[in-house]
Structure formats: structure tokens, C-alpha cells
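One structure is given here, and the rest of the page talks about it.
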């Protein structure tokens, strides 16, 4: 049982290090041939390690917030005693941020030269749309594609080559 736990912990470390299941299978076969495990046994080790990792993620959020707050308050007190006011400030800022005690930051957006933001959408007029569609639609027709053939790098009809 102790050996199994040690193996699961080693596999957990490999998962945390970023190895894929395939890489872990190969690693065990090459580096731990003495374990003499079948493919299914290696798979079960990986599965157990993944379950333990998932289990570790099940935390009591309130308890973790409480621990964090107490640690930060302790850091503040110890820093204050040794006159490390920069550390005091950092601890207090961390507490304030954690508890959302700071007023929200307000951002104002302005337009050109501090003026109003231009919210007019510049849409093309009807003539520009018709002209564009008149060039694009024929180029998309199957008969035109058959003429140029697949992979033809020439521009569709109606398009001018860039200068």
C-alpha cells in the first residue's frame, strides 16, 4: 500500500509537470520497468492521480478567505512592530483589494482633442454598396470559379491589382 501511494504521488508530480497520459505511460515503461505494470495498471495509476488532483481543488472558499485575511493581518502587525511601513502598506493594500474596499476606478473616454466621442457610424452610401456588390457577386459565382480554376492566384474580375 505504501508503494502504491508513492507511485501515485510520483505520477501526480508528472501530471503537474505537464506530461500527457501517453508520456506518463512511456515514462513508467522506460524509467520504472521494475514496477512491472500492465497498460491497464498504468492507466489506473494515472486515473487515481487525476482524482487526487481534482480532490485537492475542492476547497472551502470561506475558510481560505479567512486564512488569507488572518495571514495578511499578521504580516501587517509584524511589519509594524519592526517599523517596516512599506510592508505594512503592501499588506493593507492587499487586504483592501481582497475585501474590495477601494472605490471603483473611474475612466473617462474622450474623442479627438478631448472633445466628444464620435459615435456616427460612417456607412457607405447606396451607390458605393451597389458598386462593391457588383464586383464581388460575379466573382463568387460557380461559373466564374470554373473559368479561373482552383488555385488560380489572379484577382477576380472587377478587382484591380494593387499599385
- Task: Examine region 33-43 for a residue that is touching a residue at least 12 places away in the same chain (Cβ under 8 Å), over 25 Å from residue 2 (Cβ atoms) and in a helix (DSSP H, G or I), and state whether such a residue exists.
- Result: no
- From the residues in region 15-32 that are part of a helix (DSSP H, G or I) and more than 24 Å from the chain's Cα centre (by Cα), which one is nearest to residue 52 (Cα to Cα)? 24
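Tell me, which helices (runs of 4 or more DSSP H) lie completely within region 55-163 with 2 or more residues that are at pLDDT 75 or above and over 30 Å from residue 9 (Cβ atoms)?
Numbers: elements: 61-81, 85-98, 126-140, 142-148.
Counting at least 2 such residues, we get 61-81, 85-98, 126-140.
In this structure, is residue 52 outside any helix (DSSP H, G or I) and surrounded by 13 or more Cβ atoms within 10 Å (Cβ to Cβ)?
No, not satisfied.
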- Only residues in region 20-31 that are in the same structural domain as residue 42 (by TED's automatic domain parsing) count as the first member; pair them with residues that are part of a helix (DSSP H, G or I) and surrounded by fewer than 13 Cβ atoms within 10 Å (Cβ to Cβ), Cβ under 8 angstrom, at least 6 apart or cross-chain, and list the lot. 25/39
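The values are calculated or read from the model by the stated rules, or taken from the named source; none is laboratory data. Since the model is a prediction, treat every value here as computed from it, not as a measurement. Cβ sites come from the backbone with ideal geometry, for glycine too, and all protein chains shown count toward neighbours.
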